[in-house]
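The values are calculated or read from the model by the stated rules, or taken from the named source; none is laboratory data. If you're wondering where the values come from, they're calculated on a predicted model, not measured in any experiment. Backbone-built Cβ (ideal geometry, glycine too); neighbour counts: all protein chains shown. Just the protein is used for accessible areas: all its heavy atoms, side chains included, with ligands, DNA and RNA removed. Shrake-Rupley method; radii C 1.70, N 1.55, O 1.52, S 1.80 Å.
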Amino acid sequence: QVQLVESGGGLVQAGGSLRLSCAASGRTFSSYVMGWFRQAPGKEREHVGTINWSGAITYYADSVKGRFTISRDNAKNTVYLQMNSLKPEDTAVYYCAAGALVHSNYARGMVYWGKGTLVTVSS
């Protein structure tokens, strides 16, 4: 069992930056694929970024490529999402997730989910 707790959300102006953190419980964090997803009001959940167990391989949604960076610190059982050049359309609840593999549909590879942190980008 893995418990995930996100933090770092808040209100930021367009063009600004935020860094989200996701702290994981358990001793096997380094064996998990980790991902960030988001869900805006009235929209379906979408994939943002995924990182493999070592941090060497990352995947991003086209909408965030070049602006967002996912990283992990296995010694701290934490995964991060650095978000730069934020846009109003990035407003959403951001969820951290953990899974055993990278699935072509990223969400289907995830087993554990956090409760989310709200990011609001004002114009």
Quiz item: Put +1 on the Cβ of each Lys and Arg and -1 on the Cβ of each Asp and Glu in the chain; which of Asn52, Gly42, Thr117 then has its Cα farthest toward the positive end of the dipole?
Solution: Asn52
Quiz item: Which ³J(HN,Hα) values in Hz, rounded to whole numbers, follow from the phi angles of the stretch 109-119 under the Karplus curve 6.51 cos²θ - 1.76 cosθ + 1.60, where θ = phi - 60° and Gly and Pro get x?
Solution: x, 9, 10, 10, 9, x, 8, x, 9, 8, 10
Exercise. Could you check how much of the accessible area of the chain is carbon and sulfur, as a whole percent, using a 1.4 Å probe?
Key: 48
Quiz item: Rounded to a whole number of µm²/s, how large is the Stokes-Einstein D of the stretch 1-120 at 10 °C and 1.306 mPa s, given Rh as the Kirkwood radius over C-alpha pairs?
Solution: 113
Quiz prompt | In order through the stretch 41-48: 3J(HN,Hα) via Karplus (6.51 cos²θ - 1.76 cosθ + 1.60), integer Hz, x for Gly, Pro | solution = x, x, 10, 6, 5, 10, 6, 10
Self-check item: Cα centroid of the stretch 95-123 to Cα centroid of the stretch 18-64, whole Å
Solution: 5
